[in-house]
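Everything below concerns the one structure shown next.
The values are calculated or read from the model by the stated rules, or taken from the named source; none is laboratory data. This one's a predicted model, so the numbers in the text were calculated from it and none came from an experiment. Positions of Cβ are generated from backbone atoms using ideal geometry, with glycine treated the same way; all protein chains shown enter the neighbour counts.
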Amino acid sequence: MTNRLKRFLRPVIQMVDSDYFPEGAEVVRSQPERFDVSRSIPFIILHVGCLGVIWTGWSWAAVITAAVLYGVRMFAITGFYHRYFCHRAYLTSRVSQFFFALLGLTAVQRGPLWWASVHRHHHAHSDEESDAHSPVAKGFLWSHVGWLTSSKNFPTDYRLVRDLTKFPELIFLNRFDIIGPILLAVFLAVLGGLLQTFAPSLGTNAWQMIVWGFFISTTLLFHGTCSVNSFAHTLGSKRFDDGDESRNSFILALITLGEGWHNNHHHYQSSARQGFYWWEIDLSYYVIRALGALGIVWGIRTVPARVYEKAASLRSVIR
Ligand SMILES: [Zn+2]
Ligand SMILES: [Zn+2]
């Protein structure tokens with residue numbers, strides 16, 4: 001195989017096997033950070049796919065499916081990928097953990113170990129030069145989407161997630177994360193086909209369901225998640241000054257089911273609760289509590305008294 005053909009095929013093979021690095025992942029990670037056309041192709045496909053709506057049109061069934069999938073998968077990202085896999089803010093069984101990871105894959109944001117490794121590095125080096133997605137160090141657009149197009153950021157740094165690499169099933173899902181998008185697309189095609197046959201009055205079909213449930217819902221979900229890297233380090237208020245630019249934002253908290261309380265979270269990372277007060281709406285935390293009430297998760301970590309005391313003392317200083 002010629003080198004040119006190998007270079008062309010590499011991103012295609014990596015779509016199936018995200019641990020495919022013939023020269024070694026370490027070599028790829030040591031490259032300079034730069035825009036890479038081949039790495040931007042999945043994001044272009046995702047956005048261009050939304051234009052399919054020109055041909056498929058819309059129906060209430062398709063729009064509601066897209067909205068439900070946004071909510072469920074945003075929770076999978078914030079409640080499972082972020083608060084569980086990255087921060088271990090609560091405990092669960094090995095079987096539940098597997099299904100949390102599988103549901104997370106359908107968000108089309110790669111595997112839980114890659115997600116957690118990038119995010120743990122972000123907390124360790126927030127808004128420093130090595131932070132992959134800092135709007136302060138690298139500009140807003142780079143922090144929102146640019147960093148994802150750099151090959152340097154593609155390999156999973158397994159050294160940062162040693163607690164998770166104990167589980168071979170998680171390594172498998174992380175490596176073959178394409179399983180998630182395939183499951184989602186097949187589910188939507190079957191759902192659309194069944195509704196077209198058995199409930200034709202709903203006016204939907206397989207292609208319409210794929211355009212709304214896969215492309216439009218996933219694109220909105222993508223930008224919602226990315227906004228935590230970009231907007232949550234630029235817009236909003238700072239309760240704690242810990243040397244980074246993380247912010248709290250009510251609007252962002254609604255869009256991301258609670259991740260908008262990003263300054264709170266940077267200050268105390270291991271809490272499952274990111275909205276520290278009742279008026280800081282944090283839908284993911286309420287769902288985690290509901291999962292706790294059902295016995296699916298336990299050992300839910302919350303905000304310790306000393307953090308509330310610090311917040312109160314800062315408030316009195318500001319007044
Ligand atoms: Zn942050
Ligand atoms: Zn975090």
Residue pairs qualifying under the 6 Å Cβ cut-off, at least six apart or on distinct chains, with the first in region 183-202 being surrounded by fewer than 17 Cβ atoms within 10 Å (Cβ to Cβ) and the second being at pLDDT 95 or above and among the aliphatic types (A, V, I, L, M), are G193/A206; L202/A61; L202/L195
Restricting attention to helices (runs of 4 or more DSSP H) lying wholly within region 207-311, give those where 3 or more residues are among the small types (G, A, S).
217-230, 283-293
Please enumerate the residues belonging to region 118-134 that are modelled with pLDDT under 95 and buried (at least 20 other Cβ atoms within 10 Å of the Cβ).
D131, A132, H133, S134
Look through region 201-229, keep the residues that are small (G, A, S) and within 16 Å of ligand 1 (Cβ to nearest atom), and return whichever of them is nearest to F80 (Cα to Cα).
G224
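Yes/no per residue for (1) more than 16 Å from the chain's Cα centre (by Cα); (2) in a helix (DSSP H, G or I):
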{"site": "S117", "(1), (2)": "no, yes"}
{"site": "H121", "(1), (2)": "no, yes"}
{"site": "S143", "(1), (2)": "no, yes"}
{"site": "W147", "(1), (2)": "no, yes"}
{"site": "D163", "(1), (2)": "yes, no"}
{"site": "E169", "(1), (2)": "yes, yes"}
What are the pairs, 6+ residues apart or on separate chains, where a residue within region 37-49 that is more than 15 Å from N153 (Cα to Cα) has its Cβ under 7 Å from a residue that is basic (K, R)?
none
Quick one: what pairs do we get from region 240-265, first residue on the phi > 0 side of the Ramachandran plot and modelled with pLDDT of 95 or more, second in a helix (DSSP H, G or I) and among the β-branched types (V, I, T), C-beta under 9 Å, 6+ apart or different chains?
L257/I77; L257/T78; L257/V287; G258/T78
Looking only at region 44-71, filter to residues that are within 27 Å of L291 (Cβ to Cβ) and not polar (S, T, N, Q); which one of those is farthest from ligand 1 (Cβ to nearest atom)?
I64
When every residue in region 72-106 that is more than 19 Å from G180 (Cα to Cα) and hydroxyl-bearing (S, T, Y) is compared, the one nearest to ligand 1 (Cβ to nearest atom) is Y90
Candidates G139, G180, filtered to the one that is touching a Leu at 6+ places or on another chain (Cβ under 8 Å) and among the small types (G, A, S):
G180
Among the residues of region 33-71 satisfying the criterion of being of a type outside the set (D, E), within 21 Å of G111 (Cβ to Cβ) and crowded, with 16+ Cβ neighbours inside 10 Å, which is nearest to the chain's Cα centre (by Cα)?
Y70
Note on S30: of the conditions (1) surrounded by 11 or more Cβ atoms within 10 Å (Cβ to Cβ); (2) farther than 25 Å from L105 by Cα, unmet is (1)
Take L314 and decide whether it is out of contact with any helix residue (DSSP H, G or I) (no Cβ under 9 Å at 6 or more places or on another chain) and aliphatic (A, V, I, L, M).
yes
